[in-house]
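The values are calculated or read from the model by the stated rules, or taken from the named source; none is laboratory data. Small disclaimer: the values here were computed from a predicted structure and weren't measured. Glycine also receives a Cβ, built like all others from the backbone with ideal geometry; neighbour counts cover every protein chain displayed.
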Amino acid sequence: MDTLTQLIGQDGGVELLKKALEKERIPSAYLFVGPSGVGRSMAAFGLTELLFYKGVETIQHSLIKKKLLNGNHPDFLWIQPTYLDKGKLYNPKEAAEAGLKRKALPQIRISQIREVTKFLQRQPIEASLQIVIIEDAHLMAENAANALLKTLEEPESATLILIAPSIDSLLPTLISRCQCIPFYRLSLDHLKQILEVNGYSEILNYSELLAIAQGSPGQAIASFENFQSLSEDLISRLKQPPKSPLDALNLALHLTQELDTFVQLWLIDYLQDYYWNTFYQPFIINIFEETRIYLKKYVQPRLVWECCFLNIYKNFAN
């Protein structure tokens, strides 16, 4: 069974892609739009498989898939947002393995889009076309997005697949050049099925993590991994409002020393859900949402969390 057929809970998107394959009407650019962790990347990989399998003997399919998984197929390029450290680019997985302190969100940089342009300047080598997947396309720097426009206008023997959370997260000029395929959050039954099949049944014991995931298996797994990275002491302190201004300041210091910005952004979702279900106070949701906004604007994290916990303390003290 091909990867696209194995996708669970996205029947509409899968049907659209398979009809395009049957009718041999593959556009030069797709936009796979929807929440993270619901199968967008899996669908992009599955579509690539089927396009590369076309006209090739079945016995060669396993070799093609192996090349795609290893990232060494000459006609396939997968672009991810990167962190820059000492002149070297790291994708999120490489950054975690290298132990980099991630102080800001990753970006898709203009140098990566130039790599795409260079890649597409030559003819396909093994397949009938070239495929470029740009993951988290909404994290493109502005100059990178503008550079991509020209590439989308006249891709020769190529299909580009952009993956983003929503249509309005990209430039309208980029969207107009793409055929959109929608992806949706999954039902609880589908969510549980995917977690069990992939060996993550333990997550089903954490109702708060399932609530945060909101129908996204990928987000459920990421939440579980982030939660496991928190120390018991920090979890205990976070689950109660600060008892004094000094306690608020110390908690902000402890949190920013222990967690990088990427995990801090996830923590906001966790704390919003926990505080709402524990205290039922709307002001807490607003405080954490404001914290998220400032973290995404790259304001100094310790200062952001100090303001957050001080505001929580003041509201509870009153």
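Restricting to region 199-216, give me the number of residues that are part of a helix (DSSP H, G or I), within 19 Å of the chain's Cα centre (by Cα) and under 12 Å from D189 (Cα atoms). Selection size over region 199-216: 1. Looking only at residues in region 68-101 that are touching a residue at least 12 places away in the same chain (Cβ under 8 Å) and polar (S, T, N, Q), the one that is nearest to E126 (Cα to Cα) is Q80. Of the residues making up region 141-160, those that are of a type outside the set (D, E) and free of Cβ contacts under 8 Å to residues at least 40 places away in the same chain are A141, N143, A144, A145, N146, A147, L148, L149, K150, T151, S157. Screening the candidates V38, V14 for the property of being part of a loop (DSSP other than H, G, I, E, B) and within 20 Å of H190 (Cα to Cα) yields one hit, V38.
Residues in region 164-198 that are among the hydrophobic types (A, V, I, L, M, F, W, C) and in a loop (DSSP other than H, G, I, E, B): L170, L171, C178, F183, L186. Residues in region 151-172 that are more than 16 Å from I108 (Cβ to Cβ), touching a helix residue (DSSP H, G or I) at 6+ places or on another chain (Cβ under 9 Å) and either modelled with pLDDT under 90 or acidic (D, E) (or both): P155, E156, S157, D168.
Based on this model, can you work out whether I26 counts as touching a strand residue (DSSP E or B) at 6+ places or on another chain (Cβ under 9 Å) and either outside the structural domain of P172 (by TED's automatic domain parsing) or among the aliphatic types (A, V, I, L, M) (or both)? Against the criterion (touching a strand residue (DSSP E or B) at 6+ places or on another chain (Cβ under 9 Å) and either outside the structural domain of P172 (by TED's automatic domain parsing) or among the aliphatic types (A, V, I, L, M) (or both)), I26 qualifies. Out of curiosity, is P241 out of contact with any strand residue (DSSP E or B) (no Cβ under 7 Å at 6 or more places or on another chain) and either closer than 26 Å to Q228 by Cβ or in the same structural domain as L139 (by TED's automatic domain parsing) (or both)? Yes. Residues in region 288-318 that are surrounded by fewer than 20 Cβ atoms within 10 Å (Cβ to Cβ) and aromatic (F, W, Y) were compared, and the one that is farthest from the chain's Cα centre (by Cα) is F316. Restricting to region 291-315, and then to whatever is polar (S, T, N, Q) and closer than 17 Å to T261 by Cα, can you tell me which residue is modelled with the highest pLDDT? Here the answer is T291. Filtering region 65-94 to residues that are part of a loop (DSSP other than H, G, I, E, B) and buried (at least 18 other Cβ atoms within 10 Å of the Cβ) leaves H73, D75, Q80, P81.
Taken together, the residues in region 150-166 that are surrounded by 14 or more Cβ atoms within 10 Å (Cβ to Cβ) and at negative phi amount to 11.
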